[in-house]
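Only one structure is covered here, and it is reproduced in the block below.
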Amino acid sequence: MKRIPHLCIGLLLAISAPVFADTLTVAVAANVQYAFDDLQAAFKKETGHDLKPTYNSSGKFTAQILNGAPFDVFLSADMEFPEKLYKEGFATAAPKPYAYGALVLWTMKNIDLTNWKDVLRSASIDKIALANPKTAPYGRETVKVLTHYQLEDALKSKLVFGESIAQTNQYIHSKAADAGFTAKSVVISPEMKGQGKWIDVPLQAYQPIAQGAVILRHGQMNHPEAAQSFYRFLYGGKARAILEQYGYILP
């Protein structure tokens, strides 16, 4: 008789566990790449479901999804691209922010960034990397920073554009660019921490980047339970703690 409660507990655990482990294909804005490794592991541990991420700029993902790319969930680097998908019927609900991204100026060279605006103007800086403002929200906000400090004309000939934050990081990390603007989540990630020098871009120079997520029509049709589960997880306490560790400002 004493074994009955233990048997009941075992049955309840079996009933409450996912009926089967699913795999979601997730379009992930490149700035979230390092944080996503931790999100992926925590979600797998909590639910048993797997995540298969692809990283690119939010604008490129939006074009791909509009052309039928079979992603289940989209983690954008802004609100405009997922809002467009929702309005055109490719997402199940309007996006809401899961994090606010911050900009930094990063260099792998022996450059003093204390007076970074003067340094960028100087002859010692030949190339400055930023993400393509047409497809990457972090690039779009970087342009606002340059405009705010009246640097756009002075630096125009020095700017080199990556198709995403990931490519921009490659330019900076390989020293193909002397310095560049990127996401704070990159420079404080375990993979990049301690490499080079970086400085926060003052928040008054740009709008902290609201990053929205949506469940896509493909995910709702093919993996509804897993997609809803990941969406709930993304806005829950474990995911928020991970995102905060990577320098994101929480909603």
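The values are calculated or read from the model by the stated rules, or taken from the named source; none is laboratory data. Fair warning: this is a prediction, and the values are worked out from it, not measured in the lab. Virtual Cβ from ideal backbone geometry, glycine too; neighbours counted across all protein chains shown. Ligands, DNA and RNA are excluded from the accessible area calculation, which covers all protein heavy atoms including side chains. Shrake-Rupley method; radii C 1.70, N 1.55, O 1.52, S 1.80 Å.
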Any hit, the stretch 157-175, residues being assigned to a strand (DSSP E or B), touching a helix residue (DSSP H, G or I) at 6+ places or on another chain (Cβ under 8 Å), closer than 29 Å to Thr25 by Cα and among the aliphatic types (A, V, I, L, M): no
Contacts under 6 angstrom Cβ, first residue in the stretch 68-81 being open to solvent by 30 Å² or more (accessible area, probe 1.4 Å), partner small (Gly, Ala, Ser), 6 or more apart: Met79/Ala210; Met79/Gly212; Phe81/Ser58
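Each row is one residue, and each column tells you yes or no for (1) over 26 Å from Lys117 (Cβ atoms); (2) modelled with pLDDT of 95 or more.
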| site | (1), (2) |
| --- | --- |
| Lys156 | no, yes |
| Phe161 | no, yes |
| Ile165 | no, no |
| Ala179 | no, yes |
| Val187 | no, yes |
| Lys197 | no, yes |
| Val214 | yes, yes |
| His218 | yes, yes |
| Glu225 | yes, yes |
Complete set of residues in the stretch 149-173 that are open to solvent by 10 Å² or more (accessible area, probe 1.4 Å), over 21 Å from Ala99 (Cα atoms) and in contact (Cβ under 8 Å) with a residue 24 or more places away in the chain: Tyr149, Ala154, Lys158, Leu159, Val160, Phe161, Glu163, Gln167, Tyr171, His173
Matching helices (runs of 4 or more DSSP H) fully within the stretch 1-75 where at least 3 residues are touching a helix residue (DSSP H, G or I) at 6+ places or on another chain (Cβ under 9 Å) and either within 20 Å of Arg217 (Cα to Cα) or at pLDDT 95 or above (or both): 33-47, 58-66
Within the stretch 193-208, considering residues that are of a type in the set (A, V, I, L, M, F, W, C) and surrounded by fewer than 19 Cβ atoms within 10 Å (Cβ to Cβ), the one nearest to Ser124 (Cα to Cα): Ile199
The stretch 175-197 residues that are closer than 23 Å to Ile249 by Cβ, paired with ones that are open to solvent by 80 Å² or more (accessible area, probe 1.4 Å) (beta carbon under 7 Å, 6 or more apart): Val187/Trp198
In the stretch 97-141, the residues that are among the basic types (Lys, Arg) and either assigned to a loop (DSSP other than H, G, I, E, B) or buried (at least 23 other Cβ atoms within 10 Å of the Cβ) (or both): Lys109, Lys127, Lys134
